[in-house]
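**Student:** What follows is a single structure, and I will ask about it in a moment.
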Amino acid sequence: MDQNAPILIFDSGVGGLTVYDALRKLLPDAPVIYAADLAGLPYGTKSEAEIAARVAGLLGRMSERYQPRLICIACNTASTIALAMVRETLEVPIVGTVPAIKPAAAMTKTGVIGLLGTAATVRQAYVDNLEAEFAADKRLLRYAASGLVGAAEAKLRGQPVDRAAIETAVSALRSMQGGEDIDTVVLACTHFPLLVDELAESFGPDVQFVDGANGIARRIVYLTQDQPFDRTLGARAVTTGDIEEFTLLAPTFATYGLERLDRF
């Protein structure tokens, strides 16, 4: 294993920084490339065919260019749709991101769980299967809160958070049958933990939140155990979008230790 081979963390935007942050705490010396497909954002409103083709194609090209030791798809939408295809195509370990329904089922006291994701995520059979396997005796209420993606992206840019998007998501879950008993909310998009303070304020003090970032980081640690790391080249972020727009995020990325920004 080349000690300079990076871990590639891929997301549609900046939401995957929640996974990057969790990983950096466990593997501070690992070389990491954070890849943001801003040219394709948002994923949640695209069709399954569009997402699968885009993610598989981009990761194939990124794998050739960067020669990663492992790829993490830090996006629930991309993972629930394209994970199997990418694993069949690429000869590199792939870690996906799926809604944290299993831990939520263990945490809930009322038995009623809310799930916030993108439209593309909440309708997937993958989520149906997770519910059947881990929360069959619970009530899982899902809401496609695609508006929260833009709110999270705005927050990281230092712009005002769209409070209407927050209130719409919370009200939608609360208004469903049994919604008043929600005590646990699954944040099924890596963007959404960036808004946990705003969501907590709207849901109230009796609701707890769960996402997959820490579990994903532990999985990456497990798969790369005993591998040598050389972080001489440092961590960096790349984008498929406009580089000038991307550099506007430099202060935000710097807080995560990502000083170098490039265009893919």
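The values are calculated or read from the model by the stated rules, or taken from the named source; none is laboratory data. Keep in mind that what you see is a predicted model, and the values were worked out from it rather than measured. Here the Cβ positions follow ideal geometry from the backbone for every residue, glycine too, while neighbour counts run over all protein chains shown. Protein only, heavy atoms only, side chains kept; ligands, DNA and RNA dropped before computing areas. Shrake-Rupley method; radii C 1.70, N 1.55, O 1.52, S 1.80 Å.
**Student:** Full-extension gain between Leu223 and Asp197, please, as 0.36 nm times their residue separation minus the C-alpha to C-alpha distance.
**Tutor:** 6.2 nm
**Student:** Ok, one more. Determine the per residue accessible area of region 1-100 with all protein chains present and a 1.4 angstrom probe, expressed in square angstrom.
**Tutor:** Heavy-atom SASA per residue in region 1-100 reads 35 Å².
**Student:** List the GluC sites (Glu not before Pro) in region 63-153 that DSSP assigns to loop (not H, G, I, E or B) and whose Cβ has at most 12 other Cβ atoms within 10 Å. Which are they?
**Tutor:** Loop-located and lightly packed - Glu91.
**Student:** Also, I was wondering about something else. Tell me the label-point distance for the pair Glu88, Lys109, using the 7 Å Cα-to-Cβ offset, in nm and rounded to one decimal.
**Tutor:** Roughly 4.6 nm, to one decimal.
**Student:** Could you tell me the center-to-center distance, by alpha carbons, between region 110-125 and region 204-245 in angstrom?
**Tutor:** If you average the Cα positions of each part, the centres end up 23 Å apart.
**Student:** Which percent, to the nearest 5, of DSSP beta bridges fully inside the chain are antiparallel?
**Tutor:** The antiparallel fraction comes to roughly 0 percent.
**Student:** In region 62-94, what trypsin sites (Lys or Arg not before Pro) fall in a loop by DSSP, with at most 16 other Cβ atoms inside 10 Å?
**Tutor:** none
**Student:** Something else now. Calculate, for Ala136 and Glu244, the FRET efficiency according to 1/(1 + (r/R0)^6) with r their C-beta to C-beta distance and R0 45 Å; round to the nearest 0.05.
**Tutor:** Taking R0 as 45 Å, the efficiency between Ala136 and Glu244 is 0.35.
**Student:** Can you tell me, using C-alpha contacts under 8 Å and at least 6 residues apart, the relative contact order of region 160-233 as a whole percent?
**Tutor:** Contact order relative to length: 30 percent.
**Student:** Let me ask something else about it. Taking a cut-off of 13 Å between Cα atoms, list the aspartates and glutamates near Lys109, but don't count ones fewer than 8 places away on the same chain.
**Tutor:** The reachable aspartates and glutamates, counting only those whose Cα sits under 13 Å from Lys109, are Asp137, Asp181, Asp183, Asp206.
**Student:** Assuming 0.36 nm per residue, please report the length gained on full extension of the stretch Thr252 to Ala53 beyond their Cα-Cα distance.
**Tutor:** Using 0.36 nm per residue and subtracting the Cα-Cα distance, I get 68.7 nm.
**Student:** Let me ask you something else. Tell me which residues come under 5 Å, amide H to amide H, from Ala35 once H is placed; ignore anything under 5 positions away on its chain.
**Tutor:** Ile9, Phe10, Asp11, Val238
**Student:** When the label point is put 7 Å from the Cα of Asp206 along its Cα-to-beta-carbon vector, which residues of region 105-134 have a backbone N closer than 11 Å?
**Tutor:** 110
**Student:** Using a 1.4 Å probe on the protein chains only, how many percent of the accessible area of the chain belongs to carbon and sulfur?
**Tutor:** Carbon and sulfur atoms account for 49 percent of the accessible area of the chain.
**Student:** Tally Lys and Arg at +1 and Asp and Glu at -1 over the other residues with C-beta under 10 Å from the C-beta of Val170: what net charge comes out?
**Tutor:** Residues close to Val170 contribute a combined charge of -2.
**Student:** When the Karplus curve 6.51 cos²θ - 1.76 cosθ + 1.60 is applied with θ = phi - 60°, which whole-Hz ³J(HN,Hα) does each residue of region 21-31 get, with x for Gly and Pro?
**Tutor:** 3J(HN,Hα) across region 21-31, in whole Hz: 4, 5, 5, 4, 5, 8, 10, x, 9, 7, x.
**Student:** Taking θ as phi - 60°, what are the ³J(HN,Hα) couplings along region 228-237 by the Karplus curve (6.51, -1.76, 1.60), each to the nearest whole Hz, with x for Gly and Pro?
**Tutor:** Calculated HN-Hα couplings, in order: x, 10, 9, 9, 4, 6, x, 8, 8, 10 Hz.
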